[in-house]
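Enquirer: Before we start, here is the structure in question, set down as structure tokens.
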Amino acid sequence: LFSCALTFDKLEDLNGLSLVIGLSIIKTLEKLGYKNLNIKWPNDIYLNKKKICGIIVETKFFNKQLVVIVGVGINVLNFDFSRVTNNNVSSLEENEMRNTVINRRVLLTHIIKDIKSYVNKFKCESLLPFIDEFESKDLFANQIVQAFSGKNSVFGRNIGITNEGYLKLLDSFGNELI
């Protein structure tokens, strides 16, 4: 749907940014009447348990300034996703209950407004004020998940996120993993 550039002072300030962007998009979609929205750590949005949006965050230094490029892809139009995926993907149009045409310009205007608001708060207050909101929208809250780090993977019960936005898991021995 779009990309935008943001500036930050240092890399450490970015911890949890993709989660904040995701929460702002969920807020927008809820205001537009969509329900049953969740976020899958760290960067996907689901509607009725099917993926409708992905977020990518890339960093670059430009003239000694940390620039963050945020890309947001939202499946707006209906498409037969079963031909190309495992059928766990959907679109806004497929879930549209009001029988109206989705105006991308209006959608984009609302999303950008909410992203600005959330990012400004994030820059001032870090991820802390968003943790409860994330945990209320976490698609796999309290479920057994598999997390990957490089070539390694680990299974555990999803017990939320840290103040820095890292996934917290509880392994079968009761150890907390981050």
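Every number here is computed from the coordinates shown, using simple stated rules; none is lab data. Because the structure is predicted, anything quoted here is derived from the model rather than measured. Cβ sites come from the backbone with ideal geometry, for glycine too, and all protein chains shown count toward neighbours.
Enquirer: From the backbone phi of region 54-70, what are the Karplus-calculated ³J(HN,Hα) couplings (6.51 cos²θ - 1.76 cosθ + 1.60, θ = phi - 60°) in whole Hz, Gly and Pro given as x?
Expert: Working through the residues one at a time gives x, 10, 10, 10, 10, 10, 8, 9, 9, 6, 6, 10, 6, 10, 10, 9, 10 Hz.
Enquirer: Ranking request for peptides 122-132, 40-50, 59-69: highest mean number of other beta-carbon atoms within 10 Å first, then the rest in descending order.
Expert: Put in order of decreasing packing, that is 40-50, 122-132, 59-69.
Enquirer: Hey, can you grab everything whose amide H is under 5 Å from the amide H of Val89? Only 5+ residues off in sequence or another chain; H modelled, so Pro and N-termini drop out.
Expert: Residues meeting the criterion, in which the H sits 1.01 Å from N, are Lys51.
Enquirer: Per the helix-only calculation at 222 nm, which mean residue ellipticity applies to the chain, given -39500 (n - 2.57) for every DSSP H run of n ≥ 4 and division by its residues, nearest 500 deg cm²/dmol?
Expert: About -8000 deg cm²/dmol.
Enquirer: For region 8-15, take each phi angle, set θ = phi - 60°, evaluate the Karplus expression 6.51 cos²θ - 1.76 cosθ + 1.60, and give the result in whole Hz per residue in order, putting x for glycine and proline.
Expert: 9, 7, 8, 4, 4, 6, 8, 4
Enquirer: One quarter of the convex hull surface, Cα atoms only: what value does that give for the chain in nm²?
Expert: The Cα convex hull of the chain, projected and averaged over all directions, gives 11.6 nm².
Enquirer: Okay, moving on. Mind checking which of Ser153, Leu127, Asn38 is farthest towards the positive end of the chain's charge dipole, using Cβ charges of +1 (Lys, Arg) and -1 (Asp, Glu) about the Cα centre?
Expert: About the Cα centre, the residue reaching furthest to the positive side is Asn38.
Enquirer: 5 Å is the cut-off here: which amide hydrogens, built 1.01 Å from N in the peptide plane, fall below it relative to Leu139, excluding neighbours closer than 5 in sequence?
Expert: Amide H neighbours of Leu139: Ile39, Lys40, Trp41.
Enquirer: Calculate the radius of gyration of the Cα atoms of region 16-83 to one decimal place, then report Dmax, the largest Cα-Cα distance, as a whole number, both in Å.
Expert: Calculated on Cα positions, Rg and Dmax stand at 14.0, 45 Å.
Enquirer: Say the dipole of the chain comes from +1 at the beta carbon of Lys and Arg and -1 at that of Asp and Glu; which of Leu47, Val20, Leu139 then lies farthest toward its positive end?
Expert: The listed residue farthest towards the positive side: Leu47.
Enquirer: Using 22 Å as the Cα-Cα cut-off, could you pick out the over-long pairs in Lys50/Lys137; Lys49/Lys116; Lys60/Lys123?
Expert: Lys49/Lys116
Enquirer: Fully extended, how many nm does the chain gain between Asn36 and Glu58 (0.36 nm per residue separation, minus their Cα-Cα distance)?
Expert: 5.1 nm
Enquirer: Taking θ = phi - 60°, what integer Hz values does the Karplus form 6.51 cos²θ - 1.76 cosθ + 1.60 yield along region 102-117, in sequence order, with x for Gly and Pro?
Expert: 7, 8, 4, 5, 5, 4, 4, 4, 5, 4, 4, 4, 6, 4, 4, 4
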